[in-house]
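Derivation of every value follows stated rules applied to the coordinates shown; laboratory data play no part. All of these numbers come straight from a predicted model, not from anything done at the bench. Here Cβ is always computed from backbone atoms with ideal geometry, including for glycine, and neighbour counts include all displayed protein chains.
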Amino acid sequence: MAISSTNDALLTLAARRDVLATAVPVAGRRMWVVKDPITLEHHELGEAEYLLLTALERPASLRDLKQLYERQFAPRTIQPTEIHTYLAQLHRAGLLVASGSGQAAELVERANERRATRWRWAWTELLALRLRGVNPDRLLDALLPAAKVLMSPLALFAYALVVLAALLLMASHASEFLARLPALDSLVAPSNWLWLAVVVAVVKVLHELAHAMVAKRMGAEVHEIGVLLLVFVPTLYCDVSDIWNLSNKWHRMAVSAAGMAIELLLAAIATFVWWNSEPGLVNLLAMNVMLVASVGTLLVNANPLMRYDGYYLLSDLVEAPNLWQRSRDAWHRLAGRWFFEPTSHQSPREPWWMPLYGGLSSAYMMLVLVTIFWTLLVALKPLHLDTLAYGLGLVMLGGVVAGPARQLHQTLDNPLKRRQFRPLASSLVLLSAAVVFAAFWWWPLADRVQCQARVVAASPAPIVATLGGRLEQAAPAGKLVAAGEVVATLTNDQLQVTGEQLAAEVKLAELRVQQLRTLRARDAQAARQLPTAEAALDAAREQLREHQQQTERLTLRAAHAGRVMPPPSVLPDEQSLTLARWSGTPLDRENQGAWIEPGTPVAMVADADTREVALAIDENDVELVTPGQRVRVQLAGVGSTPLWGSIRDIARVSTAATSESTGPSRWGTPTIDARPLYEARVVLDDPRLELPLESGGRAKVETGRTTLGAWVIRELRDAFRLP
């Protein structure tokens with residue numbers, strides 16, 4: 001009787017009259033999006049929840065709500081306890097207000113608790129700080145007339161033609177296009193940082209403005225545009241959450257795609273400018289726009305596994321609102337079946353792919369966070385700020401762990417969940433997982449060290465300048481020379497002047513001797529001076545001969561037949577400040593006329609037919625590599641058949657050039673944090689193979705046996721530069 005009177009009593013809850021509701025078709029059924037005009041929050045309600053909400057626009061009892069529900073959704077039934085649950089959810093969302101006393105204090109306490117919780121977990125959002133923005137409504141209203149013209153069907157058709165034309169240009173000139181693209185290190189060089197930052201800022205402003213204008217054009221409101229510090233890099237955000245009030249999913253998808261569309265249009269225009277402009281500032285800016293607006297859009301914004309434009313497009317396309325949370329809930333329910341007894345409460349039926357998407361998006365987010373941490377570490381370690389990078393890594397790890405840990409705590413704190421816990425099944429699952437993990441961790445593997453590889457000539461002999469001189473001519477790299485053939489010629493003005501003086505002295509001495517020999521028959525004094533003059537002539541001739549031999553050393557010849565190769569490159573800061581500056585190698589055409597110091601390698605002559613492979617070994621791997629180990633080499637552009645050989649020797653070199661004993665093999669530009677590099681020489685099983693010199697590829701050195709766990713630890717140590 002008491003229960004009956006309770007069900008018949010009028011509820012002290014009433015629906016708010018100021019909320020805005022929009023019916024949105026989702027997967028063949030109707031969902032209601034309710035907007036709170038005060039907090040600007042949007043709430044997604046099913047048919048049952050919305051029915052209960054509208055029923056409380058007038059006084060009603062639990063029995064009234066139960067009868068209304070069963071009449072509306074017959075033959076389904078509902079219990080009063082379930083109605084209580086629905087009403088509690090609507091009350092917590094602020095869509096129901098209570099008419100009883102003490103509600104103000106309850107609402108204040110709830111707001112304070114929500115604010116405290118937000119501040120308590122704010123540290124988990126340090127890598128995505130949203131600063132307070134501005135209301136752009138006045139600006140958007142001013143731009144809307146022009147936007148309507150720019151979004152007309154004719155304009156959209158023209159945009160599509162521009163993008164298509166850019167794609168056809170790249171496809172028809174693919175090889176030349178790729179050849180003209182700069183290397184990655186030049187794009188991230190400090191000289192390009194300022195222009196890259198300017199391009200990113202402008203592109204992202206237009207990206208967010210496109211979202212806002214299309215949303216406005218479709219009839220939705222844009223409440224805020226502001227700055228978002230994403231991994232401490234300022235970028236823009238645009239609050240277009242009001243598009244959920246649009247009943248047409250294609251209109252919502254148009255808003256989500258607008259930012260990517262404008263970026264692709266910018267990339268297409270920049271492609272034509274870059275292709276048709278000469279090297280300079282305009283060409284550089286066009287290249288930055290082309291890469292930022294195309295690669296950035298495709299890799300980040302269009303990726304459906306991250307909560308950017310691609311995610312919202314997928315969410316609307318499959319008609320799955322709140323896909324991010326629903327997919328994770330589906331994943332957790334699927335995993336929770338192993339640990340908890342199933343409940344009588346019927347969970348919402350989700351598509352088969354929903355838990356799969358939840359697992360993939362969670363795993364991808366972990367990959368993104370690891371990549372961000374690695375990037376920060378690489379950028380900060382040369383500045384000796386690696387401690388800061390590790391601190392940010394701990395913050396990211398805490399942010400990842402905090403959510404599941406809080407959810408686990410709430411689950412274990414729930415008495416109902418504790419009763420549903422399956423200890424035996426959970427123990428078996430954990431034990432099975434531990435066994436599988438251990439099996440994989442100690443899985444035996446063939447241990448290999450992977451590294452860069454380059455084809456070099458075998459045993460190159462250096463040709464070193466023994467006298468200083470100005471480089472007059474040098475044989476080009478790659479030229480075949482015979483033994484004794486001239487490879488390079490130097491000139492020395494001082495030696496030339498000295499030679500001319502010595503030749504003049506010999507000429508004078510010869511004239512003196514000739515004169516004395518003519519006079520000695522009738523002049524006794526001339527006869528006495530003749531031996532001294534002849535001795536002086538012999539001495540002058542000997543000096544001239546020695547000088548000629550010394551001058552001959554300015555002509556550098558090949559000691560044996562072979563192919564001319566450049567010596568190790570010389571960096572500009574390694575030049576003497578008192579002599580003409582030059583860099584690179586003496587064989588470079590621009591260095592003709594440069595002064596060559598004594599002891600400088602001018603060229604190298606290697607066996608024209610014998611090839612070896614040079615390997616760049618990182619210092620963390622060199623302890624695993626020893627002479628005699630087998631090596632598998634895969635060269636780019638030389639065919640798919642791998643080459644085999646054995647390591648002959650290992651030597652420590654810099655990151656720019658090798659030591660003289662190992663020959664020329666440049667492995668990149670030194671950095672502030674350049675670590676020691678070791679070069680290993682591999683003797684190929686068939687050293688007479690016709691392989692292009694300096695062709696590159698990858699190599700695997702077979703260093704023995706290891707386990708999967710040891711390999712993982714080594715890879716993590718190398719990736720994050722751990723000791």
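Observations
- Highest average packing first - 470-479, 35-44, Cβ atoms within 10 Å: 470-479, 35-44
- Axial C-alpha extent at least 27 Å, average Kyte-Doolittle at least -1.0 - helices from the chain (DSSP): 153-172, 190-217, 249-276, 353-380, 386-412, 493-519
- Three-way shape call for the chain based on the alpha-carbon gyration tensor, with the a/c threshold at 1.5: prolate
- Close amide H pairs (under 5 Å, H built 1.01 Å from N) link residue 340 with 422, residues at least 5 positions away or on another chain.
- The antiparallel fraction among DSSP beta bridges confined to the chain stands at about 100%.
- Helix-only [θ]222 nm of the chain, DSSP H runs n ≥ 4, -39500 (n - 2.57) each, per residue, nearest 500: -16000 deg cm²/dmol
- Full extension of the segment from residue 281 to residue 592, taken as 0.36 nm per residue of separation minus the current Cα-Cα distance, would add 108.9 nm.
- Here region 476-554 and region 372-420 have alpha carbon centers that stand 84 Å from each other.
- For residue 89 and residue 445, the FRET efficiency from 1/(1 + (r/R0)^6), where r spans their Cβ atoms and R0 equals 35 Å, is about 0.10.
- Lysines with Cα under 16 Å of residue 204, excluding same-chain neighbours fewer than 8 positions away: none
- Estimated distance in nm for a label pair at residue 385 and residue 517, the labels positioned 7 Å out from Cα along Cα-to-Cβ: 8.5 nm
- Fully extending the segment from residue 250 to residue 553, taken as 0.36 nm per residue of separation minus the present Cα-Cα distance, adds 100.9 nm.
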